[in-house]
1. Quick check on the stretch 150-163: of everything there that is within 14 Å of LYS192 (Cα to Cα), touching a Gly at 6+ places or on another chain (Cβ under 7 Å) and of a type in the set (A, V, I, L, M, F, W, C), which residue is surrounded by the fewest Cβ atoms within 10 Å (Cβ to Cβ)?
2. Being touching a Leu at 6+ places or on another chain (Cβ under 6 Å), polar (S, T, N, Q) and either at pLDDT 95 or above or in a helix (DSSP H, G or I) (or both) is the filter here, so list the residues in the stretch 24-82 that pass it.
3. For GLU95, state whether it is among the acidic types (Asp, Glu), within 14 Å of the chain's Cα centre (by Cα) and part of a strand (DSSP E or B).
4. Testing ALA167 on (1) at pLDDT 95 or above; (2) among the small types (Gly, Ala, Ser); (3) closer than 19 Å to LEU74 by Cα, one condition comes back false. Which one is that?
5. Of all residues in the stretch 89-103, count the ones that are open to solvent by 80 Å² or more (accessible area, probe 1.4 Å) and either aromatic (Phe, Trp, Tyr) or farther than 23 Å from VAL64 by Cβ (or both).
6. Output the residue which, of all residues in the stretch 173-190 that are open to solvent by 10 Å² or more (accessible area, probe 1.4 Å) and not aliphatic (A, V, I, L, M), is nearest to GLU104 (Cα to Cα).
7. I need every pair where a residue in the stretch 65-86 that is under 15 Å from THR111 (Cα atoms) has its Cβ under 6 Å from the Cβ of a residue that is open to solvent by 80 Å² or more (accessible area, probe 1.4 Å), sequence separation at least 6 or different chains.
Amino acid sequence: MTRLARSAGGLSVMLLFATVVAGCGPAPVSPPPSPTTTRTIGPLSQVPPYAGAPAVRDPLPSAVLAGHPCATALTPPQVTQVLRIEAIGSPDRTEPAGPTCQWEDPVTARTVRVVYATTYRQGLSAVYPSRSAEEGGVWRELTVGGFPAVATTQDAQWYCTVTVGLADDAAVGVSLIGRVGDTRDVCAATGKAAELVVTSLRKQVGR
């Protein structure tokens with residue numbers, strides 16, 4: 001697949017935030033891409049894992065993403081831990097990747113966003129292969145709660161998305177928009193938020 005085709009695939013599913021993030025620091029140049037629907041999701045006939053994505057050795061059952069993230073992704077204390085304020089989750093019904101919830105600080109507009117990527121069933125393969133040097137930004141492989149994950153962003157000081165493969169064909173995406181505290185690497189903070197989400201999902205299935 002050509003780089004132009006991959007870019008076109010990504011642009012078709014970018015998240016579109018209706019408001020500009022306010023508060024400290026500059027507004028992001030562009031919003032974070034929707035997890036598991038970035039540059040390309042690949043031919044839907046392909047069976048994940050593919051494109052270099054690792055297999056998930058101890059997957060969670062598919063039922064773990066059957067609920068809505070507003071109810072099952074983060075507990076109120078976990079939201080407070082991430083944003084440092086209390087916030088109520090709000091569903092985003094415009095997200096094509098799957099059920100989506102976001103919690104926002106009404107003063108600074110800092111936001112944590114969780115997507116259960118159940119529409120395309122491509123799992124972590126959707127964010128592979130890795131970015132080339134020409135594409136720039138951050139593309140970083142991680143381990144989150146024992147699962148393979150990838151952090152992606154074009155501006156690590158302002159927003160980041162961590163996509164976690166819960167099974168070969170299932171993933172959850174966690175995004176942070178806006179700095180929280182004095183961190184200069186939002187991807188590091190996003191990884192910690194993703195750990196909390198994985199902890200919540202594990203508890204649902206007794207893991």
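1. The residue in question is ALA151.
2. Once the filter is applied, which keeps residues that are touching a Leu at 6+ places or on another chain (Cβ under 6 Å), polar (S, T, N, Q) and either at pLDDT 95 or above or in a helix (DSSP H, G or I) (or both), the stretch 24-82 yields only GLN78.
3. Values: among the acidic types (Asp, Glu): yes; within 14 Å of the chain's Cα centre (by Cα): yes; part of a strand (DSSP E or B): no.
Judged against the criteria, GLU95 is not a match.
4. (3)
5. Residues of the stretch 89-103 that are open to solvent by 80 Å² or more (accessible area, probe 1.4 Å), as a first pass: 93-94.
Now restrict to residues that are either aromatic (Phe, Trp, Tyr) or farther than 23 Å from VAL64 by Cβ (or both): 94.
Of the residues in that region, 1 qualify.
6. The initial filter retains those residues of the stretch 173-190 that are open to solvent by 10 Å² or more (accessible area, probe 1.4 Å), namely 179-185, 188-189.
Now narrow it down to the ones that are not aliphatic (A, V, I, L, M): 179, 181-185.
On the way: ARG179: 12, GLY181: 15, ASP182: 18, THR183: 18, ARG184: 20, ASP185: 19 Å.
Checked the stretch 173-190; the qualifying residue nearest to GLU104 (Cα to Cα) is ARG179.
7. Cβ pairs passing all conditions: THR80/GLU86.
To keep it simple, each residue is scored yes or no on (1) open to solvent by 10 Å² or more (accessible area, probe 1.4 Å); (2) in contact with a Cys (Cβ under 6 Å, 6 or more places away or on another chain); (3) in a loop (DSSP other than H, G, I, E, B).
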| site | (1), (2), (3) |
| --- | --- |
| SER125 | no, no, no |
| PRO129 | yes, no, yes |
| PRO148 | yes, no, no |
| GLY165 | no, no, no |
| ALA171 | no, no, no |
| LEU196 | yes, no, no |
| SER200 | yes, no, no |
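The values are calculated or read from the model by the stated rules, or taken from the named source; none is laboratory data. In this text the structure is predicted, and so the values were computed from the model without any measurement. All Cβ positions, even for glycine, are placed from backbone atoms using ideal geometry, and neighbour counts span all protein chains on display. Only protein heavy atoms, including side chains, enter the accessible area calculation; ligands, DNA and RNA are left aside. Shrake-Rupley method; radii C 1.70, N 1.55, O 1.52, S 1.80 Å.
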